[in-house]
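Structure first, commentary second.
The values are calculated or read from the model by the stated rules, or taken from the named source; none is laboratory data. If you're wondering where the values come from, they're calculated on a predicted model, not measured in any experiment. When we count neighbours, we look across all protein chains shown, and the Cβ atoms used for this are built from the backbone with ideal geometry, even at glycine. Please note that ligands, DNA and RNA were not included when accessible areas were found on the heavy atoms of the full protein model with its side chains. Shrake-Rupley method; radii C 1.70, N 1.55, O 1.52, S 1.80 Å.
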Amino acid sequence: MDRDSLMKILTASALITPLLVLFTLLSMILWDGLPGLSLDFILGLPSGRPEETGILPALVGSVYVTGLAIIISFLLGLGISIYLTEFVEDERVRSIFYFVVDMLAGVPSVVYGIVGLAVIGIGLGLGRSVLTGAVTLAFLILPLVTVATVEAIRSIPDSLRLATYSLGASRLEVVTHVILPMALPRALTGTVLAIARAIGEAAPILVISGVLFTRSIPISLLDEFTVLPLVIFNWVMRPQEVYMRLASSAIIVLLLLYIGISSIAIYMRYSSGRRIREV
Amino acid sequence: MGGRPIIKTVGLRVFYGDRKILDDVDIEIYEGSITAVIGPSGTGKSSLLRSLNRLNDLIPGARVEGRVYYRGMDIYSEGVNVYYLRTRIGMVFQKPVVFPTSIYENVAFGLRINGVDDEEVIRGRVEEALRQAALWDEVRDRLDDDAYNLSTGQQQRLCLARTLAIRPDVLLLDEPTSYLDPRSTRKVEDVLLSLKGMMTIVIVTHSLSQARRIADYLLVVMPDEDNVGRVIEYGPAEEVFNNPRDERTREYVSGLIG
Ligand SMILES: Nc1ncnc2c1ncn2[C@@H]1O[C@H](COP(=O)(O)OP(=O)(O)OP(=O)(O)O)[C@@H](O)[C@H]1O
Ligand SMILES: [Mg+2]
């Protein structure tokens, strides 16, 4: 065999191996989880008896906390990025900020949970609430969103800015008429990536909420809550077969939720991409 | 020289960081005329142009010293509304800068930014500007098309139209035809000639033949021994071409240097 075909086989298996693993994993989850997936399971309350249990409180908790976190971090990330790229004049100050953002992206998520609980939960007195969880998650994904948005804004050529200024635009108008419409679609893409992280996080939420099992559905921002990853975590920790299957069913719901939220973001990306045409 | 000065610079110097790239510029630009700025690459022609509408303010590290008067007003003095100033002194760049919108919206852009929101008025001004830029006949049936679909030459005239739509008093052009083919170049030159008198035009060009074709006045920028750009010659184009005072100008316009 010549070296080229060897190389080809090696690189191809590098691609195929993870795909196979992913495929196997997914089929196992579907195999285990699909039979138990019913409306009663999705919309039911948890129960001590596995055959009657449901995940509604955790599902609502996940949607609530992740949804809020995404909105908060998207707005914050957009603001930070525009400030850094358009308003900070000193290149050194700017690179310090970029460095900090990169550092924050590398902090383990459980640390966010601990700091979130200490500062927001206890310090601000918001307790182990939806709001505490959402804000913590928002800060957790903020670096991802910010980096993507900064990249998006920096890819806008300076010539567009100068041309806009040369028509008598103020800095604010350059931001609203050029920077925002052009950066928004790509910032949304960055947010979609962040969603995957936010929705799957168990560790920081475990620290903040500490609730693995609850029958009450969070309504207000200050209610206690749990999320799907915690319920899944709780179930896979148990020895009985039946809980493995329940966990698989819950994972399917989590995946569907992820696809759902991502679709919304992708749709928004698409429609804001269209809006550029009108600036 | 002739005419009424509309722009006047006094001891104008431009720096990038600590590096001085333009020194001692004392010129008057005459109302309704076309002034061509020529000179070798990197001597500060673009920088000179940008200091006339304070676009240098936006270039990191750029610093302007000295005075620039526009219609008697010191544009670097405190309290000057730079945004308004830039609508009076418009600018077209070397590369066409097209916004990712329709042809119509590209031309309307400057009007919208400047608070014109009567669609009737905008429509009229867009047509007027496109006609002035000799683009109307080519795009009248597809105003809602993506502006990116225009040819480079058309895009540059679109940029011209966008600037004309806000009815500037002075038009600065930085090598507007250097990416264009000869036919498109001629079209832009014809547009400029037709605008002459209505507004004052300052154009940076690397093409001596272009300067010959359209310029009333010729301004030559050359680096001195410290590589700082200086105006070495300024006068009626005819005179500068045929009877330059400076030896370097003679060499430059005869194609020996530059
Ligand atoms: N943003 C900037 N930062 C630092 N130096 C700059 C900047 N812009 C221009 N310069 C330098 O200033 C000098 C003059 O630049 P400028 O673009 O004004 O020259 P020019 O005469 O327009 O050149 P060209 O004919 O190539 O367009 C050049 O040496 C250039 O390297
Ligand atoms: Mg230049």
Checked against a 19 Å limit on the C-alpha separation, the offending pairs among B:K45/B:K187; B:K95/B:K196; B:K20/B:K45; B:K45/B:K95 are B:K45/B:K187; B:K95/B:K196
The distance between the Cα centres of the range B:60-126 and the range A:1-72, in whole Å, is 54
Top of B:V37, B:V82, B:V170 by mean-square fluctuation, Gaussian network on chain B, Cα under 10 Å: B:V82
Under the rule a/c < 1.5 gives rounded, and otherwise a/b versus b/c splits prolate from oblate, where does the range A:1-118 land using the Cα gyration tensor? oblate
Average other protein chain Cβ within 10 Å of Cβ, residues B:106-113: 4
For the protein assembly as shown, the spread of Cα positions along each principal axis, largest first, Å: 102, 60, 58
With every protein chain in place, the accessible area of B:D26 for a 1.4 Å probe, in Å² rounded to the nearest 10, comes to 90
For chain B, give the share of DSSP beta bridges that are antiparallel, in percent and rounded to the nearest 5; count only bridges with both residues there. 55
At B:R186 and A:F213, where each label point lies 7 Å from the Cα along Cα→Cβ, what is the point-to-point distance in nanometres? 8.8
Multiplying the sequence separation of A:L26 and A:F97 by 0.36 nm and subtracting their Cα-Cα distance, what value in nm do you get? 21.6 nm
Could you work out how far apart the two model spin labels at A:V236 and B:Y16 are, taking each label as a point 7 Å from the Cα in the direction of the beta carbon, and quote it in nm? 5.5
Say a paramagnetic label sat at a point 7 Å from the Cα of A:L75, along Cα to Cβ; which residues of the range A:199-215 have their backbone N under 20 Å from it? A:199
How high is the relative contact order of the range B:81-218, in percent, counting Cα pairs under 8 Å that sit 6 or more residues apart? 33
Relative contact order (percent, whole number), chain B, Cα cutoff 8 Å, 6+ residue spacing: 26
Let me cross-check B:R123: its accessible surface, 1.4 Å probe, with only protein heavy atoms counted, in Å² to the nearest 10? 130
Given contacts defined as C-alpha pairs under 8 Å and at least six residues apart, what's the relative contact order of the range A:57-278, whole-number percent? 30
Please compute the modelled spin-label separation between B:Y179 and A:L39, points set 7 Å along Cα→Cβ, answer in nm with one decimal. 5.9
At the level of C-alpha centres, the distance separating the range A:191-205 and the range A:227-263, in angstrom, is 14
Using alpha carbons only, how many angstrom separate the centre of the range B:138-159 from the centre of the range B:165-242? 24
Full-extension gain between B:E239 and B:R67, please, as 0.36 nm times their residue separation minus the C-alpha to C-alpha distance. 59.2 nm
